[in-house]
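The values are calculated or read from the model by the stated rules, or taken from the named source; none is laboratory data. Remember, predicted model here, so these are calculated numbers, not experimental data. In this analysis, Cβ positions are derived from the backbone assuming ideal geometry, glycine residues included, and neighbour counts consider all displayed protein chains.
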């Protein structure tokens, strides 16, 4: 019997190749998509879970009350960790750690070799808390003392060529105004990709405290700097403990205004947002969203498969009827159909794995992950289960429905379809097309917004500007180097600054006092300290007054605001007026037209510039003439080498940073392109299935019409119109939904494109065109059949 | 007695009215009979045949087959009964297009408990008996109508049924092919197989030993 059924399965494939192909394409592309999402989701939920102490590993946060409600910040007092370990018996270990971004691209020197990479400062029990595996060194001791450094395996290989005898060697590093020599005390295995914290070396926190935050004294509890992690004892009641530590800092020092809250370290990745001081969702929303999409795609693919199988089953009705008449049990037929669909699903599974294999590099680029199709039994088990489930789901309708009929009914060709069934099929097509149209509109919208963001006038010129760090010898002769830079041909202008102008890292301050605002002091400003010529180099435009100038020595007490700041402060005729900041009176010398220094999601914030002292200059910005990048950069490199021997000239374009702010949008844009493509493909398969089913069902009607004199083209028109109606309904559903979703998404941008009619019309036309193409072939085929055949079989 | 129908009626509802397909049929068949059911289109011939073959239900009356009360049997039981004792021959042959002659013949055996070697020898016997050994690997579409019906008859016989039900077995054949099939039926009947055929043709009727005339669902 099995052999017989297998033969029937294979001969049917051979006979109806196109149907089989369509089934396989639909199912395998659906499965491939589901697999990719499954890989992504599995990876996502495992991030940071590899630490052995995961269950007891917590991060402690500061919670401030502010005007806008509670704000949760990861910065905590640098002595919090040691005090907690000291005073709280529930805490097994506690460490402070700086965030890697704070200490990024630090040049490390060994002999004449310089490698720039990211590092952190961390307390001595770091390796007792986190399971980063030490290859060399003792986990209790590697971060003892002031002058140790623990490096990653790959960094050790890069610096020293091998791991042999690395311990004890000296590395010189240079960052944040410090130049120090440290001795390697340990080597750790490279941090796995699914860790949110990524760095290549660790320095003792003591060094940080001494060199950067100058510990000792009252400010220890008020200044917040590193992150604090704690490892709890196993029998600790977490909730009680959380309540206990809430006012821990306040108890240590009366000036502290922050409460402490704690979150599980591994939950920070997926639940990264805080609302009212509570950890709420975050990336987990995406995990849910994509899981839903995957399920959706799978179900749609299954239903299409069912549809096609059922419509093809009419060809196999005779087989069913004969088998039933010859005494086959209903269960035998049911097993046969389930068997066939499961087999089809498994063939699709193989093809889907091939597709996943081919697309994974592209998918990794889009998602920024390092996923691979490894032969993990868990993953493959899951895939097998999904395929089995798909096969059973897809086969359920034909198996249960068709085997239900009495053999006589089938053999007489009296199989009737209820109208409800046909409406379910039509509803499905409408649903699929609505989804496709929404996705097409999404693709249009996102890409248009990205284009808009990239082409809108920023109020400054981001193009052709490079910036690089002030490090090494440049610190001593910065002014001379700047002078030399300006001499380089094709350098339009150059200046120094304390921070990068693009992005969210610019300091926020609230300590500004002006007439009419003596009491409140709550208004927050963005503050940037800059060198001379910075405003000119960035090509920002003055609305009133003047920029900083070397001719006025008093400019060290001068201040330049942006338009928004002046509007907010409500100062009339601001030029010449003064504001107090700290203990100094600053006189307002200029007002800048607003410019965008943050992404277009944000409105322009009040901002001011002050001249910096030499210590706070940390970056150079250089504008070069457009079109001369290559030769000018080569010349800049020469000058750099002259002034800063032993260092590598590493620069970035401001433009690149600007683009990076929209990485998420670009990701969404390219992902939605793929999803839209897939949705259209699956929808077309669905429509194809329906068209085939309907023409099959109406064969007799079509034959009669032809016999009565209707032409083939008229019949083609008639059939196509029927499906056009469905797509029109889909457009009617999709447009309002897309409009709502689109305006919701765009409202996340303070500066955005208007929703234009043509996005919707364009998407609708596209869907209609594709639909007609799909149905047309079927309709023409049906219309041109010999009517005699259609009638004879009755 | 092989089977007996007592006061069997079957009806459908159409526009709120009962329309009788069969009314008050009383009818019995002895083993070894060769019965022809005759009647104009729509008189209920095929319905009667299907009821006898247990492929169709009836609304009223009693049906006894080999002492078993068919009307009160469970579906599964009924299927076992007709699987064992009844073979069907259809007007449109109803061979499965995707299977070869040999595989088509083998099919009824799959639903009974026969070993593979038994099936093989039974199929070989049948091929031999109907002189179609040379055609065993061909598909139905490669055969003429007469040859297809020959396979149809062979398939009906392979499980050695007591009763063969034939619904216009020669309806799609030319007269020469028709005669051949009828000759085979006669031979089978002589060998002891009971045959009930539905037919339009007076000529085919003549092969039978008894005629039942149906008109508007009633036996004349």
Could you tell me which residue of segment B:81-100 is surrounded by the fewest Cβ atoms within 10 Å (Cβ to Cβ), considering only residues that are outside any loop (DSSP other than H, G, I, E, B) and facing chain A (nearest Cβ under 10 Å)? B:84
If we scan segment A:736-758, do we find a residue that is over 30 Å from the mean Cα position of the chain (by Cα) and closer than 30 Å to residue A:424 by Cβ? no
Hits in segment B:107-165 - residues which are under 22 Å from residue B:186 (Cα atoms), within 11 Å of chain A (Cβ to nearest Cβ) and not in a helix (DSSP H, G or I): B:158, B:159, B:161, B:165
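Conditions tested, residue by residue: (1) touching a strand residue (DSSP E or B) at 6+ places or on another chain (Cβ under 7 Å); (2) at pLDDT 90 or above; (3) closer than 21 Å to residue B:55 by Cα.
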| position | (1), (2), (3) |
| --- | --- |
| B:101 | no, yes, no |
| B:112 | no, no, yes |
| B:118 | no, yes, no |
| B:133 | no, yes, no |
| B:137 | no, yes, no |
| B:160 | no, no, yes |
| B:178 | no, no, no |
| B:187 | no, yes, no |
If you go through A:264, A:244, A:318, the only one that is within 14 Å of chain B (Cβ to nearest Cβ) and over 26 Å from residue A:382 (Cα atoms) is A:318
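Rundown of residues vs (1) surrounded by 14 or more Cβ atoms within 10 Å (Cβ to Cβ); (2) assigned to a helix (DSSP H, G or I), yes/no style:
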residue	(1), (2)
A:732	no, yes
A:735	yes, yes
A:745	yes, yes
A:751	yes, no
A:754	no, no
A:758	no, yes
A:764	yes, yes
A:771	yes, yes
A:775	yes, yes
Quick one: residue B:31 ticks every box in (1) within 13 Å of chain A (Cβ to nearest Cβ); (2) touching a residue at least 12 places away in the same chain (Cβ under 8 Å); (3) surrounded by fewer than 18 Cβ atoms within 10 Å (Cβ to Cβ) except a single one, so which number is it? (1)
In segment A:27-45, is there at least one residue being assigned by TED's automatic domain parsing to the domain that holds residue A:305 and over 24 Å from the mean Cα position of the chain (by Cα)? yes
Single unsatisfied condition, residue B:103 versus (1) under 15 Å from residue A:327 (Cβ atoms); (2) within 12 Å of chain A (Cβ to nearest Cβ): (1)
Of the residues that make up segment A:115-125, is at least one in a loop (DSSP other than H, G, I, E, B), outside the structural domain of residue A:645 (by TED's automatic domain parsing) and closer than 12 Å to residue A:230 by Cα? yes
In segment B:34-72, which residue that is in contact with a helix residue (DSSP H, G or I) (Cβ under 8 Å, 6 or more places away or on another chain) and within 14 Å of another protein chain (Cβ to nearest Cβ) is surrounded by the fewest Cβ atoms within 10 Å (Cβ to Cβ)? B:57
Residue B:78 vs (1) assigned to a loop (DSSP other than H, G, I, E, B); (2) more than 8 Å from every other protein chain (Cβ to nearest Cβ): all pass except (1)
With respect to residue A:9, determine if the residue is in contact (Cβ under 8 Å) with a residue 12 or more places away in the chain and within 14 Å of chain B (Cβ to nearest Cβ). yes
List the strands (runs of 3 or more DSSP E) inside segment A:1-98, counting only whole elements, that have at least 2 residues being closer than 18 Å to residue A:269 by Cβ. A:57-64, A:71-73
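The rows are residues; the columns are (1) assigned to a helix (DSSP H, G or I); (2) in the same structural domain as residue A:32 (by TED's automatic domain parsing); (3) free of Cβ contacts under 8 Å to residues at least 12 places away in the same chain.
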site	(1), (2), (3)
A:641	yes, no, yes
A:646	no, no, no
A:655	yes, no, no
A:668	yes, no, no
A:673	yes, no, no
A:682	yes, no, no
A:690	yes, no, no
A:696	yes, no, no
Given the conditions (1) touching a helix residue (DSSP H, G or I) at 6+ places or on another chain (Cβ under 7 Å); (2) modelled with pLDDT of 90 or more, report the number of the one that residue A:523 does not fulfil. (2)
Given (1) within 14 Å of chain B (Cβ to nearest Cβ); (2) surrounded by 22 or more Cβ atoms within 10 Å (Cβ to Cβ); (3) touching a helix residue (DSSP H, G or I) at 6+ places or on another chain (Cβ under 7 Å), index of the condition residue A:312 fails: (2)
If you scan segment A:12-42, which residues turn out to be more than 30 Å from residue B:139 (Cα to Cα) and surrounded by fewer than 16 Cβ atoms within 10 Å (Cβ to Cβ)? A:42
Only one of A:384, A:326 that is more than 14 Å from every other protein chain (Cβ to nearest Cβ), free of Cβ contacts under 8 Å to residues at least 60 places away in the same chain and in contact with a helix residue (DSSP H, G or I) (Cβ under 8 Å, 6 or more places away or on another chain): A:384
Condition set free of Cβ contacts under 8 Å to residues at least 60 places away in the same chain and under 42 Å from the mean Cα position of the chain (by Cα), scope segment A:329-345, selection nearest to the other protein chains (Cβ to nearest Cβ): answer is A:341
